[in-house]
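A short write-up of the structure that comes next.
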């Protein structure tokens, strides 16, 4: 059968590449954020904050183009599900970028002294590395429309959640020193932000399943933690 | 009552409902009902189910449509979509025995209206076509007749059983039902041909509904109309389904997705092969997650 709607198909492919490219921007922001945490690098933190505009810009640009496609091309079935999924994924990307900004904004607060608890810093860096890997996996799962790979994100996210809980336990045990307590609290905010980034990666996985199956199911519902996905 | 049902509804040749003593004013369903006045919900009960089983259609030796089995549900709009030549119009026309009007055209298989075979021996095709009305692509009001007479045409052919007062009431009800009354009530005696395309089509719909059919078939009813008139007819179809069973052939995918409850996708494997039913399902599912790749490709516009 002759190829029809090639320009439309091309446009869809380009927008998908653009949307997923946003994940690369997030990954890069997260890497630099982790570096800033590790080295208490306030200047690097400021760069991450400024560069978040690029992520926001990507969001706006692709979002607008997707709305235009909806209005002009009457997409249905898989095309429509893909566009809906991309709208969700863009939002996830934008939130992930914002979480990096949130982290970078509290880095100056931890001061230039050595960290109060090396253990906590290690945990946070580990959470970060693990989360970067989740982002990578989410991107690949979407590109390949791989539902199994998407579902696996839930399992790997559990590791991040556990590390986050461990940070919390360490923070509780930090002692009475006011400066140390303040430090610990900013570290908790950081851990929490990374945990949120990982959750967003899982959400992207749910969108993969939606595109492929046409069904939207939460892989893991916070309000029903014991229910099977 | 059983034996009466078949002859009574479809009549044997030469007899019509009116001549068998049933007042066409009765808005109730099949003539087998003994109640004289319709209850409030009776209008919805007018709509009946058409059941097609293994329908095969031929033009002489040419096998045009193959093995179609489907249900056309009451009080719903079923859209028949598919590329040109896939048999959807041929199939539609078999539902009210118009296919056979083409010389050499034949039907195999079973088509039932409310459980009764419309092709059974002794069934009068004219009676079938009154119960299963049709609206065509090109609006075709009778050009020399007034708007009033156009709507009353079906009643007129049935004879003098209908009083003037009754006829006036039916004409007004039909024109109101077709969303045309306000526009024409002051010129009912003017020719039907003086109306715009959209109005003419609504006039044809009023004409079809005036004889109290159970099913309305529409063959690309909006193809000759502008976008505004098209949307007006779609709104009308949404109203009409409360009273009738509706099946509509359309090559406009967006119309199918806007205006129908159920969508049936027909296709040809290649030119010269018979058309067949590929998939049928709720419209929202056909357009969000169709079962077959062929359907997905067609609704996404991946082939013509």
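The values are calculated or read from the model by the stated rules, or taken from the named source; none is laboratory data. All values reported here derive from a predicted model rather than from experimental measurement. So basically every Cβ, Gly included, is an ideal-geometry build from the backbone, and we count neighbours across all protein chains shown.
Brief remarks on what is shown
- Of all the residues in segment A:60-89, those that are away from chain B (no Cβ under 14 Å), surrounded by 19 or more Cβ atoms within 10 Å (Cβ to Cβ) and more than 16 Å from residue A:11 (Cβ to Cβ) number 1.
- One residue alone among B:235, B:284, B:186 is modelled with pLDDT under 95, surrounded by fewer than 22 Cβ atoms within 10 Å (Cβ to Cβ) and farther than 19 Å from residue B:72 by Cβ, and that residue is B:235.
Okay, residues lined up against (1) touching a residue at least 12 places away in the same chain (Cβ under 8 Å); (2) assigned to a loop (DSSP other than H, G, I, E, B); (3) in contact with a strand residue (DSSP E or B) (Cβ under 9 Å, 6 or more places away or on another chain); (4) over 27 Å from residue A:144 (Cβ atoms):
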| residue | (1), (2), (3), (4) |
| --- | --- |
| A:14 | no, no, no, no |
| A:21 | yes, no, no, no |
| A:32 | yes, no, no, yes |
| A:37 | yes, no, no, yes |
| A:50 | no, no, no, yes |
| A:72 | no, no, no, yes |
| A:87 | yes, no, no, no |
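- Filter result for residue A:44 (modelled with pLDDT of 95 or more and either within 14 Å of another protein chain (Cβ to nearest Cβ) or surrounded by 15 or more Cβ atoms within 10 Å (Cβ to Cβ) (or both)): yes
- Set side by side, the residues B:295, B:250, B:283 differ, and just one is within 30 Å of residue B:212 (Cβ to Cβ) and within 13 Å of chain A (Cβ to nearest Cβ), which is B:283.
- The number of residues in segment A:141-157 that are more than 15 Å from the chain's Cα centre (by Cα) and either buried (at least 21 other Cβ atoms within 10 Å of the Cβ) or part of a helix (DSSP H, G or I) (or both) comes to 8.
- Flag for residue A:149 being modelled with pLDDT of 95 or more and away from chain B (no Cβ under 14 Å): yes
- Meets criteria (buried (at least 16 other Cβ atoms within 10 Å of the Cβ), at pLDDT 95 or above and away from chain B (no Cβ under 14 Å)) for residue A:24: no
- Residue count for segment B:33-67 under the criterion of being modelled with pLDDT under 50 and either crowded, with 17+ Cβ neighbours inside 10 Å or closer than 21 Å to residue B:96 by Cα (or both): the result is 0.
- Taking the listed residues B:242, B:289, the one that is surrounded by fewer than 21 Cβ atoms within 10 Å (Cβ to Cβ), at the interface with another protein chain (Cβ under 10 Å from one of its Cβ atoms) and touching a helix residue (DSSP H, G or I) at 6+ places or on another chain (Cβ under 7 Å) is B:289, with no other qualifying.
- Test: residue in segment B:266-273 that is away from chain A (no Cβ under 14 Å) and buried (at least 20 other Cβ atoms within 10 Å of the Cβ): yes
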